[in-house]
Amino acid sequence: MKVTLVYDNTAHNKALLPDWGFSCYVEIENTPRILFDTGASSTILLHNIEKLGIDPGGIDIIVISHAHWDHTGGLPELLKVNRSARLYLPASFHMSLPGRERIVVTEAIEITGNVFSTGELRGVEQSLVVRTGKDLVVIAGCSHPGVGPILQAASSHGKVSILIGGLHGFRDFNLLKDLHSVCACHCTQHQSEIKKLYPDKWLDGGVGRVVVI
């Protein structure tokens with residue numbers, strides 16, 4: 001499994017464009033290709049995707065975590081170059097997408113083999129859960145429902161090993177002690193504290209960062 005950050009506030013790869021927002025591309029062997037969130041700008045999203053050698057028309061599934069502009073801004077233009085991807089949108093997402101079918105997510109569901117949604121937690125946001133062998137990778141957009149509820153929802157599928165994404169003002173750092181790795185990026189306000197507490201678990205984010213599991 002490989003997770004590539006294609007949109008983030010900072011740049012891990014200097015050939016790519018950083019911007020406030022989040023998106024990542026998830027590749028799993030023998031599994032449809034997934035884009036989780038679409039950042040704020042379609043121009044930046046498509047630039048970064050193409051620079052990374054990703055075919056935007058080849059994305060099979062698009063999952064939107066929540067309706068905020070910095071996670072949805074790239075979606076309309078992306079859908080012009082990709083007319084076949086299945087859309088998994090939280091119930092609170094109300095952007096008009098004429099002619100596109102959507103799967104509206106409220107409860108926890110299986111998206112494809114070994115890939116799940118937590119469901120729209122607290123009515124605001126869904127996170128992605130991927131089962132890799134015995135452990136789980138959780139990808140969060142902004143963690144508006146709280147990191148604790150997200151990890152708890154994901155744990156119905158097994159033991160969470162890796163957490164990737166935005167954690168906003170999360171401070172209950174003890175929740176991370178049993179994880180193998182944490183790539184806290186985008187809106188995470190306390191990155192330096194998490195890195196100091198868990199240097200062996202910490203993975204720097206930034207657009208172009210590739211996490212291989």
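The values are calculated or read from the model by the stated rules, or taken from the named source; none is laboratory data. Only a predicted model underlies this, so the values are computations on that prediction, with no experimental measurement involved. Backbone-built Cβ (ideal geometry, glycine too); neighbour counts: all protein chains shown.
Looking only at residues that are assigned to a loop (DSSP other than H, G, I, E, B) and among the hydrophobic types (A, V, I, L, M, F, W, C) in region 11-30, which one is surrounded by the most Cβ atoms within 10 Å (Cβ to Cβ)?
Among them, the one singled out is Phe22.
Contact list please: Cβ distance under 7 Å, first residue in region 65-81 and among the β-branched types (Val, Ile, Thr), second residue surrounded by fewer than 23 Cβ atoms within 10 Å (Cβ to Cβ), pairs at least six apart or on different chains.
Thr72/Met95; Val81/Pro56; Val81/Gly57
Residue check, Ser143 against (1) within 30 Å of Ser92 (Cα to Cα); (2) more than 13 Å from the chain's Cα centre (by Cα); (3) surrounded by 17 or more Cβ atoms within 10 Å (Cβ to Cβ), all met but one. Which one?
Of everything listed in (1) within 30 Å of Ser92 (Cα to Cα); (2) more than 13 Å from the chain's Cα centre (by Cα); (3) surrounded by 17 or more Cβ atoms within 10 Å (Cβ to Cβ), Ser143 misses just condition (2).
Quick check: is even one residue across region 51-70 charged (D, E, K, R), surrounded by fewer than 20 Cβ atoms within 10 Å (Cβ to Cβ), under 17 Å from the mean Cα position of the chain (by Cα) and not in a strand (DSSP E or B)?
Checking region 51-70: at least one residue is charged (D, E, K, R), surrounded by fewer than 20 Cβ atoms within 10 Å (Cβ to Cβ), under 17 Å from the mean Cα position of the chain (by Cα) and not in a strand (DSSP E or B).
Check whether at least one residue in region 105-125 is of a type in the set (S, T, N, Q), more than 22 Å from Leu75 (Cβ to Cβ), out of contact with any Pro (no Cβ under 9 Å at 6 or more places or on another chain) and touching a residue at least 40 places away in the same chain (Cβ under 8 Å), and report yes or no.
yes
Return the residue satisfying two criteria in turn: it lies in region 174-202 and is within 17 Å of the chain's Cα centre (by Cα) and touching a residue at least 24 places away in the same chain (Cβ under 8 Å), and of such residues it is nearest to Asp19 (Cα to Cα).
His186
Could we say that Ile34 is under 14 Å from the mean Cα position of the chain (by Cα) and among the β-branched types (Val, Ile, Thr) here?
Numbers: under 14 Å from the mean Cα position of the chain (by Cα): yes; among the β-branched types (Val, Ile, Thr): yes.
It is true that Ile34 is under 14 Å from the mean Cα position of the chain (by Cα) and among the β-branched types (Val, Ile, Thr).
Would you be able to say whether some residue in region 143-153 is touching a His at 6+ places or on another chain (Cβ under 6 Å) and over 19 Å from Asp37 (Cβ atoms)?
no
Residue-by-condition table, conditions (1) farther than 23 Å from Gly205 by Cα; (2) among the charged types (D, E, K, R); (3) part of a strand (DSSP E or B):
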site: Pro32; (1), (2), (3): yes, no, no
site: His47; (1), (2), (3): no, no, no
site: Pro76; (1), (2), (3): yes, no, no
site: Leu97; (1), (2), (3): yes, no, no
site: Ile111; (1), (2), (3): yes, no, yes
site: Gly119; (1), (2), (3): yes, no, no
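Which one of Glu107, Glu120, Glu193 is at pLDDT 95 or above, of a type in the set (D, E, K, R) and crowded, with 22+ Cβ neighbours inside 10 Å? Give the derivation first.
Details: Glu107 fails: crowded, with 22+ Cβ neighbours inside 10 Å; Glu193 fails: crowded, with 22+ Cβ neighbours inside 10 Å.
Result of the check over Glu107, Glu120, Glu193: Glu120.
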